[in-house]
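The values are calculated or read from the model by the stated rules, or taken from the named source; none is laboratory data. Worth saying up front: this structure is predicted, and the values here are computed from it rather than measured. Don't worry about glycine lacking a Cβ; one is built from the backbone with ideal geometry, like all the others, and counts go over all protein chains shown.
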Amino acid sequence: MLNLFINSMLIENMVFAFFFGMCSYIAVSKSVKTALGLGAAVTFVMVMTVPLNYLLNQYVLAPNALAEGVDLGFLSFILFIAVIAAFVQLVEMIVEKFSPSLYNQLGIFLPLIAVNCAIMGGSLFMQQMVGTEINNVGDSIVYGLGSGIGWWLAIVMMAAIREKIEYSHVPAALKGPGIAFIITGLMGIAFMIFSGIQL
Amino acid sequence: MKLSKNFTNPLAANNPVIVQILGICSALAVTVKLEPACVMGLSVIFVTAFSNLVMSLLRNGVPSRIRIIVQLVVIATLVIVVDQFLRAYMYDVSKQLSVYVGLIITNCIVMGRVEAFALGNKPWDAFVDGVANGIGYALILIIVAFFRELFGSGTLFGFDVLARFGYVNNSLMLFPPMALIIVGVIIWIHRSINKDLQEK
């Protein structure tokens with residue numbers, strides 16, 4: 001289980017290994033504070049939706065789960081996205097109620113968590129790992145948590161670097177997204193040192 | 001005139017990937033080889049075009065409060081069609097693409113174009129806009145895949161190109177970070193040409 005956690009957080013990091021959630025990653029990583037907020041929201045949504053989708057997968061979608069001879073696997077995309085969209089709506093209402101300032105800062109990116117590939121990708125990878133690394137609800141929670149924290153880590157580091165880069169002389173054409181991509185690539189190379197860790 | 005401008009704009013000057021920074025999520029992972037990149041590009045063209053068309057037809061009948069859910073259902077249905085088609089006719093490629101076909105649902109380009117264009121325009125305009133944005137996206141995928149396959153495996157579409165000249169494969173190109181760096185360089189070149197896009 002610890003292995004699964006480390007694996008999903010550092011080795012198969014959502015951003016550096018799979019490019020998941022790049023849209024909001026590039027757009028929101030301008031200040032550390034906003035990045036922290038969005039990262040927390042994404043992690044929360046992942047911890048909740050991956051186990052929910054795991055249960056859905058086991059008891060509804062898997063072959064012979066609902067009735068003998070019925071395989072609803074082709075419905076998984078639409079059911080997963082429905083669960084995620086409903087959940088994001090919930091998070092949006094909670095954030096609006098308890099932290100209006102964060103709500104205003106995140107703006108359009110809060111509802112867009114629903115279409116954040118990291119979350120959908122987490123559920124789809126979970127579905128592929130059923131039977132190998134993920135065998136019960138506990139595993140799926142650990143996987144969701146690990147992936148979420150991995151994404152959180154990536155966006156906060158990126159935001160910190162971009163705050164510093166404000167003061168350096170970047171070629172005009174590279175400013176903004178260009179340099180952000182190259183930095184992410186270099187961070188990804190740095191993260192490759194984690195590959196092969198087994199606990 | 002307007003139609004052709006709608007078509008050419010997303011290809012270069014207002015490319016969805018390198019200018020609007022939409023839809024990079026997940027897509028870069030299929031750029032290790034040219035073939036899956038082309039298939040992925042075609043799938044995205046299909047989905048953006050038809051989701052734009054369908055949502056444009058429905059635009060007057062859907063209350064704005066529930067439009068996001070309706071969009072997701074339309075997009076997810078189209079992606080399921082693509083996924084089943086690939087599994088039936090191109091099984092090898094569909095294995096290579098694995099979860100990334102499903103992730104077209106969460107590709108920001110699809111949703112972004114529906115929100116920004118299809119909901120306010122006539123069906124035919126929306127369809128053209130969808131096709132053009134899909135092509136603009138596929139272009140970037142293919143450029144990245146071209147360099148990664150050429151320098152990473154020395155091949156193009158699986159045919160030997162560089163290997164016969166004694167080229168030693170640079171396997172770093174096959175690792176994910178290089179895709180990001182290539183996109184960074186594409187943005188760099190693009191913005192050096194289109195100076196008005198540069199950030200102050």
Flag for B:G41 being within 19 Å of B:F127 (Cα to Cα) and either small (G, A, S) or at pLDDT 80 or above (or both)
yes
Can you find a residue that is within 8 Å of chain B (Cβ to nearest Cβ) and touching a residue at least 40 places away in the same chain (Cβ under 8 Å) anywhere in segment A:132-152?
no
Which members of segment B:32-53 meet the condition of being more than 10 Å from B:L97 (Cα to Cα) and either assigned to a loop (DSSP other than H, G, I, E, B) or among the small types (G, A, S) (or both)?
B:V32, B:K33, B:G41, B:S43, B:A49, B:S51
Sole exception among (1) in contact with a helix residue (DSSP H, G or I) (Cβ under 7 Å, 6 or more places away or on another chain); (2) in a helix (DSSP H, G or I) for A:G138, by number:
(1)
Counting only residues that are farther than 20 Å from A:L124 by Cα, touching a residue at least 40 places away in the same chain (Cβ under 8 Å) and not aromatic (F, W, Y), segment B:42-70 contains a total of 12
Can you name the residue in segment A:1-15 that is part of a loop (DSSP other than H, G, I, E, B) and within 14 Å of chain B (Cβ to nearest Cβ) and, of all such residues, is surrounded by the fewest Cβ atoms within 10 Å (Cβ to Cβ)?
A:E12
Condition (residue is out of contact with any Leu (no Cβ under 6 Å at 6 or more places or on another chain), within 18 Å of B:V183 (Cβ to Cβ) and of a type in the set (D, E, K, R)) applied to segment B:115-125: is it met by at least one residue?
no
How many residues are without any contact (Cβ under 8 Å) to a residue 24 or more places away in the chain and facing chain A (nearest Cβ under 9 Å) if we restrict to segment B:177-200?
13
Within segment B:118-174, residues charged (D, E, K, R) and more than 22 Å from the chain's Cα centre (by Cα) come out as B:K122, B:D160, B:R164
Report yes if B:T8 is part of a helix (DSSP H, G or I), touching a Lys or Arg at 6+ places or on another chain (Cβ under 9 Å) and among the β-branched types (V, I, T), otherwise no.
no
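Yes/no matrix, rows are residues, columns are (1) over 18 Å from B:G130 (Cβ atoms); (2) part of a helix (DSSP H, G or I); (3) modelled with pLDDT of 85 or more:
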| site | (1), (2), (3) |
| --- | --- |
| B:N14 | no, no, no |
| B:I18 | yes, no, no |
| B:G23 | no, no, no |
| B:M55 | no, yes, yes |
If you check B:I66, B:I104, which single one turns out to be more than 15 Å from B:A37 (Cβ to Cβ) and β-branched (V, I, T)?
B:I66
Would you confirm whether any residue within segment B:101-119 is closer than 23 Å to B:F7 by Cβ, away from every other protein chain (no Cβ under 14 Å) and assigned to a helix (DSSP H, G or I)?
yes
Filter result (facing another protein chain (nearest Cβ under 7 Å) and either over 17 Å from B:I24 (Cα atoms) or exposed (fewer than 14 other Cβ atoms within 10 Å of the Cβ) (or both)) within segment A:161-182:
A:A172, A:A173, A:L174, A:K175
Quick one: how many residues across segment A:52-91 are within 14 Å of chain B (Cβ to nearest Cβ) and either touching a Lys or Arg at 6+ places or on another chain (Cβ under 6 Å) or polar (S, T, N, Q) (or both)?
4
So which residues in segment A:12-32 are within 9 Å of A:G150 (Cα to Cα) and either β-branched (V, I, T) or in contact with an Asp or Glu (Cβ under 7 Å, 6 or more places away or on another chain) (or both)?
A:V15
Being crowded, with 21+ Cβ neighbours inside 10 Å and either within 13 Å of chain A (Cβ to nearest Cβ) or under 25 Å from A:P177 (Cα atoms) (or both), is that true of even one residue in segment B:162-176?
yes
Given the conditions (1) under 18 Å from the mean Cα position of the chain (by Cα); (2) at pLDDT 85 or above; (3) more than 17 Å from B:K33 (Cβ to Cβ), which single one is not true for B:W188?
(1)
Does at least one position in segment A:113-126 carry a residue that is outside any helix (DSSP H, G or I) and more than 14 Å from chain B (Cβ to nearest Cβ)?
no
Does A:L153 satisfy being part of a helix (DSSP H, G or I) and under 15 Å from B:F175 (Cβ atoms)?
no
Would you mention how many residues in segment A:29-48 are within 13 Å of chain B (Cβ to nearest Cβ) and either of a type in the set (K, R) or surrounded by fewer than 23 Cβ atoms within 10 Å (Cβ to Cβ) (or both)?
1
